[in-house]
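Only one structure is covered here, and it is reproduced in the block below.
The values are calculated or read from the model by the stated rules, or taken from the named source; none is laboratory data. Remember, it's a predicted structure, so these values are computed and weren't measured experimentally. Don't worry about glycine lacking a Cβ; one is built from the backbone with ideal geometry, like all the others, and counts go over all protein chains shown. Heads up: the accessible areas ignore ligands, DNA and RNA and are worked out on the full protein's heavy atoms, side chains in. Shrake-Rupley method; radii C 1.70, N 1.55, O 1.52, S 1.80 Å.
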Amino acid sequence: DDWLRDHLSLLKHTQSGLELVEKYVKFVKERTEIEQNYAKQLRNLSKKYNLKRNSKDEPECRFSSYQSFLDMLNEMNDYAGQRELIAENMMMNICIDLTKYLQELKQERKTYLMEAKKAQQSLESTYKQLDSSKKRFEREWKEAERAAQYAEKTDQDINATKADVEKAKQQAHMRAHVAEECKNDYAAQLQKFNKEQSQFYFNDMPLIFNKLQDLDERRIKKLKQGYILFSDTEKHVMPIIGKCLEGITKAGTNVNERNDSMVVIEQNKSGFERPGDVEFEDYSQAINRTSSDSSLGTPKGPVDLLGKNKSKNFWLFSKRMNKPCPTHPPFLCSLSPSTLPPFTTPPTPSPANGPSSPKFGRDPLSYCLKEINKTVKPRISSFRTLRRSPTVTEDFAHLPPEQRRKRLQQKLEEICKELQKEVDQSEALGKMKDVYEKNPQMGDPASLASQISQTSQNIERLRGELNKYEVIMTSVLFIHVLRSSSTILRGTHFPDGAHSDESTPDPSQAIYAEFDDDFEEEELTAPIGTCTAMYNFPGASEGTISMQEGEELAVVEEDKGDGWTRVRRNNGDEGYIPTSYVTITLNK
């Protein structure tokens with residue numbers, strides 16, 4: 001009984017050990033699921049905040065803080081890859097390997113149990129034979145004793161015949177012989193059982209127990225290795241994870257606030273100079289002028305227009321405000337052009353006292369700007385997405401004029417470089433084809449057909465883009481020249497008494513007198529329409545005016561293509577507002 005109890009305990013222990021392996025495998029599987037979900041969430045997070053492909057050229061990418069953020073997202077994506085590697089190695093080296101090993105242990109344990117069961121069944125069978133021979137020997141021995149007692153009783157009986165005595169003796173002798181045979185058989189069975197029992201307890205079962213012990217020790221050793229692998233799997237990727245974290249730290253240290261400020265200044269500076277001091281105009285000297293000095297001649301150039309002939313209606317300081325740049329703060333804006341060529345010859349207006357030209361109206365530059373804008377891709381007037389930032393267009397119309405010119409020039413240089421690269425590649429492919437045609441052993445000319453065709457398509461595409469951006473660049477430069485000339489003409493004013501007393505007026509006097517009259521009447525310009533604000537606008541920049549969502553304002557001047565519209569309130573306040581922030585209705 002004690003042996004059987006120990007045997008059952010051993011079987012229970014080995015079964016419990018196998019169940020522990022199964023439990024550990026299940027634990028590691030759940031851990032890998034956690035790692036996989038964690039890695040997936042990290043990847044999704046990095047993808048959510050990363051730039052899209054069509055956003056790589058945004059101006060923000062030039063800032064070190066923005067670029068460092070993108071670097072950090074890339075490092076986090078690599079970090080997620082390492083977490084996936086941890087999950088994969090745990091699954092392969094622990095879960096799958098231990099599951100396979102567990103099946104082998106179960107089969108091996110089952111084999112040992114079958115061997116123990118067979119040995120036990122054999123011992124039980126021998127014991128049954130021993131018990132059977134023992135009972136037969138006992139039974140036959142009792143019968144032999146009774147037969148001997150009967151023969152002796154018969155022999156002493158005086159009434160018994162000699163034949164009866166002889167028969168009783170023969171019967172007793174036969175029973176004794178059978179009993180002796182049973183005794184011998186019982187002795188043989190006993191010897192056999194003792195031998196098998198000794199074999200079972202001293203050889204067979206100890207061997208099976210040793211095998212089970214070895215199996216259990218191997219199971220424990222394998223489980224021990226699984227425990228260590230659980231830690232080593234993560235340790236092996238820790239150096240790479242450390243590099244990812246170092247990359248994030250490096251991305252943080254790469255942020256340079258000073259360089260970012262310089263990038264902002266370089267990106268948003270308008271390219272114009274600040275205005276100079278306003279000169280003192282001495283009107284008292286007009287009394288001493290002679291009649292011959294009062295006649296006005298044609299200005300010699302921009303110096304005359306911007307020098308002595310400045311008046312109180314100079315555009316920078318009249319009620320006509322300065323248009324702010326729609327994409328950068330006022331401290332980066334300038335007011336007067338310095339690098340563009342002056343528009344020295346003003347357009348020919350209608351006679352001084354006659355009706356104005358219906359083609360040009362009161363503003364001769366508006367017609368030119370409208371005609372030029374017809375050749376440029378129209379801009380979207382308003383979107384709810386324009387509440388915070390301007391729409392980025394292919395022709396860089398969202399940028400200030402000077403920045404737009406620089407970006408177009410940069411785009412043209414990039415296209416020229418790429419075009420030259422494709423042309424060089426086309427020439428190289430042509431030479432290689434000629435070599436193949438002359439020396440077929442060096443290669444098949446037909447194999448270059450697809451590359452030559454693709455290169456030709458790229459050249460045609462780049463030439464098309466080059467022509468397109470050249471047209472846009474020409475339009476931008478022309479608009480820049482017109483605006484520069486318009487600023488010069490708007491700032492021109494001639495003193496009183498400039499007309500000659502002669503009966504025949506000077507044509508040049510009529511020209512400048514008409515411009516002077518136009519700009520003097522600018523203060524009383526009638527509204528050309530109305531507009532309704534779709535969003536709030538603070539109007540913090542110089543020359544702008546604030547407005548509230550739903551507020552109605554009078555439109556004084558249309559958008560000239562720079563994204564700003566001049567409006568007026570009922571109380572007379574005027575200023576510029578973003579065109580995309582309002583819906584405009586013009587008078588018919």
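Some points to look at:
- Taken over the range 122-165, residues that are assigned to a helix (DSSP H, G or I), over 18 Å from GLU181 (Cβ atoms) and among the aliphatic types (A, V, I, L, M) amount to 4.
- Subset of the range 157-175 that is among the aliphatic types (A, V, I, L, M) and surrounded by 14 or more Cβ atoms within 10 Å (Cβ to Cβ) - its residue that is farthest from TRP141 (Cα to Cα): ALA160
- Criterion violated by GLN121 - all others in (1) free of Cβ contacts under 8 Å to residues at least 40 places away in the same chain; (2) within 60 Å of the chain's Cα centre (by Cα) satisfied: (2)
- Of the residues making up the range 243-258, those that are within 18 Å of GLU60 (Cβ to Cβ) and surrounded by 14 or more Cβ atoms within 10 Å (Cβ to Cβ) are ALA251, VAL255, ASN256.
- Checking the stated criteria, VAL255 turns out to be modelled with pLDDT of 90 or more, in contact with a Ser or Thr (Cβ under 6 Å, 6 or more places away or on another chain) and of a type in the set (A, V, I, L, M).
- Only listed residue being of a type in the set (D, E, K, R) and in contact with a helix residue (DSSP H, G or I) (Cβ under 9 Å, 6 or more places away or on another chain), chosen from LYS117, LYS106: LYS106
- Candidates MET205, MET114, filtered to the one that is in a helix (DSSP H, G or I) and open to solvent by less than 40 Å² (accessible area, probe 1.4 Å): MET205
- If the condition is being hydroxyl-bearing (Ser, Thr, Tyr) and either touching a Leu at 6+ places or on another chain (Cβ under 7 Å) or farther than 22 Å from ARG31 by Cβ (or both), then the range 200-249 contributes TYR201, THR249.
- The condition (being under 30 Å from LYS12 (Cα atoms) and part of a helix (DSSP H, G or I)) is satisfied by just one residue among ASP232, ASP214: ASP214.
- Selection status of LEU448, open to solvent by less than 40 Å² (accessible area, probe 1.4 Å), in contact with a Phe, Trp or Tyr (Cβ under 8 Å, 6 or more places away or on another chain) and under 21 Å from THR474 (Cβ atoms): no
- Selected residue (criterion: modelled with the lowest pLDDT) from residues of the range 131-156 that are surrounded by fewer than 17 Cβ atoms within 10 Å (Cβ to Cβ) and over 15 Å from GLN171 (Cβ atoms): GLN156
- Residue match in the range 83-93 (condition: assigned to a helix (DSSP H, G or I) and over 30 Å from ARG31 (Cα atoms)): no
- Test result for MET72, among the aliphatic types (A, V, I, L, M), touching a residue at least 60 places away in the same chain (Cβ under 8 Å) and open to solvent by less than 50 Å² (accessible area, probe 1.4 Å): no
- Scanning the range 390-414 for residues that are open to solvent by 30 Å² or more (accessible area, probe 1.4 Å) and at pLDDT 75 or above turns up ARG405, LYS406, ARG407, GLN409, GLN410, LYS411, GLU413, GLU414.
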